[in-house]
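What follows is one structure encoded as structure tokens, with my remarks underneath.
The values are calculated or read from the model by the stated rules, or taken from the named source; none is laboratory data. Since we're looking at a predicted model, the values are computed, not measured. So basically every Cβ, Gly included, is an ideal-geometry build from the backbone, and we count neighbours across all protein chains shown. With ligands, DNA and RNA removed, areas are computed over all heavy atoms of the protein, side chains included. Shrake-Rupley method; radii C 1.70, N 1.55, O 1.52, S 1.80 Å.
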Amino acid sequence: MSNTLTNDEEIKVECMITNVGLAEPYKLTAIGLYAKLNDDETDTLFAVTTATDPDTIPALNNGVVKLYTEKIFLAFDSTEDVSVKIDMDTYVTHSECIETAYPVGTVVQTDGSYRPADKWGGVWEQISGVYLMASGVYNGTTCRVNNYAGEYAHRQTYDEMFPHGHTRGTMNITGSFWGRDVQSGYNGDGAFYIKKRGNWNDEGGHYHDEYPSVMGFDAARSWTGVSSTEGGGKPWPVMPRAYVVDVWRRTK
């Protein structure tokens, strides 16, 4: 509250009204000015001003402080004996309003057109390059307040990989075996091998224990090459679509 002597017969009383401590919206229909007359210590309602279209002061919500400045002009025959005394118990300064609305620990978001310290004072630390999230347990991980969580890039693990297949690439399985008259000492070639021996395999009709009689096939005996290799193996960024703002946290 302040008072200004505008001339010898008029005094301007200027007061600031805020919604600090206001739990419910309040319609400002009238303002009363109390004064002490002569040597009387009793506060007396000296003047009343009413509003034809009253403003509604909103309740304090989420620390948003609303400031209203009211000016009252008083006319006197003489202003020599008029004085205004401010009751400091009911007076709220601008800095006190700021402390109520933006105490240390407050996090605000702006469009980048100003710095909170320039507008409200105090010391503010800019939070850069990260998203904001509520503290608590997320996907099995406990996220504590004033700490960072998450990762800038992610390298996919085997369990996270989507089931998929590959092309043949350079894989090749080869092998060969004799078509007839397989003699002893032959052990197959490549993927083919001798699975059983004992054969009537000569012109005289004699039985030979050592002659191959059954050929087997085992691809592992001649496996060469690799399946096709796909992908570059680089980590992929974790970044959903976002609207970018400046984020500040008050530290002092």
Next on the checklist: Being at pLDDT below 75, open to solvent by 60 Å² or more (accessible area, probe 1.4 Å) and either more than 30 Å from G231 (Cα to Cα) or touching a helix residue (DSSP H, G or I) at 6+ places or on another chain (Cβ under 6 Å) (or both) is the filter here; which residues of the range 163-183 pass it?
Outcome noted: F177, W178, G179, R180, D181
Checklist entry - Of the numbered conditions (1) open to solvent by less than 70 Å² (accessible area, probe 1.4 Å); (2) farther than 26 Å from L22 by Cα; (3) within 17 Å of the chain's Cα centre (by Cα), G112 satisfies every one except a single condition; which is it? => result (3)
Checklist outcome for this item: Here the residues within the range 15-67 that are part of a strand (DSSP E or B), closer than 30 Å to V104 by Cα and in contact (Cβ under 8 Å) with a residue 12 or more places away in the chain are C15, M16, I17, T18, Y26, T56, I57, V64, L67
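Every residue in the range 119-155 that is touching a Pro at 6+ places or on another chain (Cβ under 8 Å) and open to solvent by 80 Å² or more (accessible area, probe 1.4 Å), please. Write out each step before concluding.
Applying the first criterion (touching a Pro at 6+ places or on another chain (Cβ under 8 Å)) to the range 119-155 yields 122, 124, 152-155.
Passing the criteria: Y152, R155.
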Checklist entry - Listed residues V20, V107; which is touching a helix residue (DSSP H, G or I) at 6+ places or on another chain (Cβ under 7 Å), open to solvent by 40 Å² or more (accessible area, probe 1.4 Å) and modelled with pLDDT of 80 or more? => result V20
Checklist entry - Has the range 124-144 got any residue that is under 30 Å from T229 (Cβ atoms) and of a type in the set (S, T, N, Q)? => result no
